[in-house]
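To start, the structure itself, in structure tokens.
The values are calculated or read from the model by the stated rules, or taken from the named source; none is laboratory data. Bear in mind that the values here come from a model prediction, so they are computed numbers and not experimental data. All Cβ positions, even for glycine, are placed from backbone atoms using ideal geometry, and neighbour counts span all protein chains on display.
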Amino acid sequence: MERTLILLKPDCVERRLIGRILARFEDKGFNIVAMKMLQVTPELAKEHYAEHVSKPFYPALEKFITGAPVVAAIIEGLEAIRVVRDLLGATSGLKAAPGTIRGDYSSSRQMNLVHASDGPEASAREIGLYFRKEEICNFALTITPWLRASDEG
């Protein structure tokens, strides 16, 4: 099993798309093992986007991510990092394929609804920024045998 962090960004929350987006991950068979709504502070934004802080676009990014609440969630499943990113589509909603989350709901590069970790190291770091260990629920869904074969994890 693999875990990845997703953030339903302020544009997703403000547009009231939280349920529709979460349903896409559940429909795919992923398990949500932690979730909460929070207001990202400038300090948390700087930690999360540390590699971008010195870039010219960072002030606008920080203003956006701190502008309204986000929903943070940990998604668990086979190849979760890659598959979640595939479900999201290209970063720019203008370039994302129809059928992907961004392709269906976004028409912007920055206001692209959802952040997802881009690799195992980023996932572990980002999960640690948003969740304490005791906030993560470790459980197996009773439907799991109907979602994947027993030798698949």
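On the stretch given as segment 114-153, residues that are assigned to a helix (DSSP H, G or I) and under 19 Å from the mean Cα position of the chain (by Cα) total 13. When segment 81-111 is examined, which residues are found to be at pLDDT 95 or above and of a type in the set (D, E, K, R)? Selection gives Arg82, Arg85, Asp86, Lys95, Arg102, Asp104.
Name every residue in segment 1-26 that is of a type in the set (Lys, Arg) and under 11 Å from the mean Cα position of the chain (by Cα), in order of residue number.
So the first thing to find is which residues in segment 1-26 are of a type in the set (Lys, Arg), and the list is 3, 9, 15-16, 20, 24.
Matches in segment 1-26: Arg3, Lys9.
Of the residues examined, Gly29 is one that is at pLDDT below 95 and out of contact with any Asp or Glu (no Cβ under 8 Å at 6 or more places or on another chain).
In the set Arg82, Arg132, which member is charged (D, E, K, R) and farther than 14 Å from Ile6 by Cα? Steps first, please.
Details: Arg82 fails: farther than 14 Å from Ile6 by Cα.
Answer to the check: Arg132.
Among the residues making up segment 47-77, a single one is surrounded by fewer than 16 Cβ atoms within 10 Å (Cβ to Cβ), within 30 Å of Met1 (Cβ to Cβ) and of a type in the set (A, V, I, L, M): Ala50. Scanning segment 27-46 for residues that are loosely packed, with under 13 Cβ neighbours inside 10 Å and over 13 Å from the mean Cα position of the chain (by Cα) yields Asp27, Leu38, Gln39, Thr41, Pro42, Glu43.
If you go through segment 104-114 and keep only what is crowded, with 19+ Cβ neighbours inside 10 Å and among the aliphatic types (A, V, I, L, M), you end up with Leu113, Val114. Looking only at segment 78-103, residues that are on the phi > 0 side of the Ramachandran plot, in contact (Cβ under 8 Å) with a residue 60 or more places away in the chain and surrounded by 16 or more Cβ atoms within 10 Å (Cβ to Cβ) come to 0 in all. Please specify each residue of segment 1-26 satisfying the condition of being loosely packed, with under 12 Cβ neighbours inside 10 Å and of a type in the set (A, V, I, L, M). Answer for segment 1-26, where residues must be loosely packed, with under 12 Cβ neighbours inside 10 Å and of a type in the set (A, V, I, L, M): just Ala23.
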